[in-house]
1. Taking H placed 1.01 Å from N in the peptide plane, check which residues at least 5 places from H231 or on another chain put their amide H under 5 Å from its amide H.
2. Angle between the Cα long axis of helix 206-225 and the longest principal axis of the chain, 0 to 90 degrees, nearest 10?
3. Expressed as an acute angle from 0 to 90° and rounded to the nearest 10, what is the orientation of the C-alpha long axis of helix 169-183 relative to the principal long axis of the chain?
4. Lysine pairs in the chain with Cα distance under 17 Å, only those 8 or more apart or on different chains: how many are there?
5. What number, in percent, do you get for the relative contact order of the chain if the mean sequence gap of Cα pairs under 8 Å and at least 6 apart is divided by its residue count?
6. Taking the chain as the reference, fit the longest principal axis to its C-alpha atoms, fit the long axis of helix 91-105 to the helix C-alpha atoms, and give the angle between the two in degrees, 0 to 90, nearest 10.
7. Rg and Dmax in Å for region 195-274, alpha carbons only: what are they?
8. How big is the C-alpha Rg of the chain next to the rule-of-thumb value 2.2 N^0.38 Å, as a ratio?
Amino acid sequence: MAARVLGRAGRLAAVVRSSAVRLQLRLHGSAGLRFGSQASFFPPLGDAMLPSGSFNNHVALITGGGTGLGRAMTATLSQLGAQCIIASRKLDILQRTAEEISSQTGNKVHAVQCDVRDPQAVSQCVDQMEALTGLPDVIINNAAGNFVCPSERLSPNAWKTITDIVLNGTAFVTLELGKRLIQNQKGASFLAITTIYAESGSGFVVPSASAKAGVEALYKSLAAEWGRYGHRFNIIQPGPIRTKGAFSRLDPTGAFEKATIDRIPTGRLGTPAEIANLAAYVSSNYASWMSGAVIRFDGGEYVSLAGEFNELRSVTPDQWKILEAMIRNTKGS
Ligand SMILES: CCC/C=C/C=C/C(=O)SCCNC(=O)CCNC(=O)[C@H](O)C(C)(C)COP(=O)(O)OP(=O)(O)OC[C@H]1O[C@@H](n2cnc3c(N)ncnc32)[C@H](O)[C@@H]1OP(=O)(O)O
Ligand SMILES: NC(=O)C1=CN([C@@H]2O[C@H](COP(=O)(O)OP(=O)(O)OC[C@H]3O[C@@H](n4cnc5c(N)ncnc54)[C@H](OP(=O)(O)O)[C@@H]3O)[C@@H](O)[C@H]2O)C=CC1
């Protein structure tokens with residue numbers, strides 16, 4: 001009897017061992033189950049979420065508002081009643097965006113040329129804004145520069161370029177406006193757009209990761225210091241959202257996108273309209289009690305990347321039966 005049980009256990013162990021090898025191959029080879037069909041559970045909505053008129057009589061400055069996510073945020077705020085100022089280096093692109101959005105929403109969008117790396121240019125941009133609209137109620141620091149590059153290939157100027165746009169640019173805009181708002185005893189909502197790797201760090205985008213982490217420290221610090229002046233400071237960390245600016249510099253071959261979608265629990269990239277709705281909410285009076293918040297908006301990508309065992313998603317129910325048998329069969333330590 002004992003011999004029969006031992007024999008059966010031996011055969012089971014052999015089956016389990018060979019299945020485990022096959023399983024390892026599946027996990028680490030290319031035959032692993034694809035997931036991503038779950039995207040149908042999480043359809044993106046495109047329309048503005050807040051009630052119409054939520055930003056009536058509000059002025060909003062959006063840096064980098066001519067393209068990508070900044071453009072989407074401008075469109076949503078404008079649709080909700082804001083008078084917007086978009087600022088970046090390329091005046092022609094800003095003007096085109098401003099005209100398109102103004103003509104769709106009926107609310108004026110102003111285009112102001114400004115390189116945020118240059119504190120004097122930032123000061124002149126704010127002068128221009130004061131003349132056009134007065135000081136803003138909403139500031140969205142969205143402008144950024146980035147590219148993938150092994151760190152050993154970075155020149156000092158490459159490092160300086162990215163950190164100047166992202167960290168110094170955000171600081172110059174925030175400090176210039178903050179000082180003037182304080183002088184005028186005017187409250188405002190400041191929002192910084194960072195990224196999920198500001199928290200974790202990431203190879204191959206090290207200047208961006210370092211600068212975005214600095215932006216987060218800046219905003220959390222000012223949330224504590226400038227609440228007394230009526231200023232709120234919040235941060236949105238987007239996950240991947242297809243824009244020409246980002247994907248041409250981070251995924252020139254398109255290979256990253258497919259791998260990314262595979263690991264996002266909601267099975268898809270985000271959309272510009274979705275982040276625009278979140279930015280509008282955070283910048284609105286509906287969020288007047290929100291300050292110092294860091295909001296990760298990534299379809300679950302960050303936790304998916306972080307969890308040691310998350311690759312087990314590709315184990316099938318039949319394979320689980322085998323794995324469970326192996327585990328239960330283990331006696332002692
Ligand atoms: C997917 C999920 C997470 C995603 C996160 C996304 C985060 C983002 O921030 S996406 C935003 C992307 N958008 C942009 O980058 C738009 C603006 N970008 C630019 O204008 C340019 O790409 C640049 C950032 C380079 C700035 O342009 P600028 O004309 O001011 O600089 P350059 O004179 O061209 O270059 C300055 C130095 O950088 C070196 N450099 C430029 N590109 C690269 C590269 N691909 N690899 C290595 N080095 C690069 C360039 O050679 C200059 O250095 P040097 O030669 O020593 O003078
Ligand atoms: N798309 C994504 O997947 C993700 C994006 N993000 C963040 O979202 C934000 C928007 O990125 P996205 O829309 O994708 O990319 P874009 O390239 O479209 O946006 C970047 C904007 O920054 C402006 N800009 C760059 N350098 C300067 C400068 N020196 N002075 C003023 N403006 C400048 C650009 O305008 P111009 O060239 O006219 O100066 C451009 O409009 C960025 O902060 C980015 O880091 C974060 C995580 C993921």
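The numbers here are math on the coordinates, done by the rules we state, and not lab data. This structure is a prediction, so every number in the text was calculated from the model and none was measured.
1. A188
2. Tilt relative to the chain: about 60 degrees.
3. Between helix and principal axis, roughly 50 degrees.
4. 4
5. 20
6. Taking the Cα atoms of the chain, the angle to 91-105 is about 90 degrees.
7. Computed over the Cα atoms of region 195-274, radius of gyration and Dmax are 15.3, 48 Å.
8. Rounded to two decimals, the normalised Rg is 1.25.
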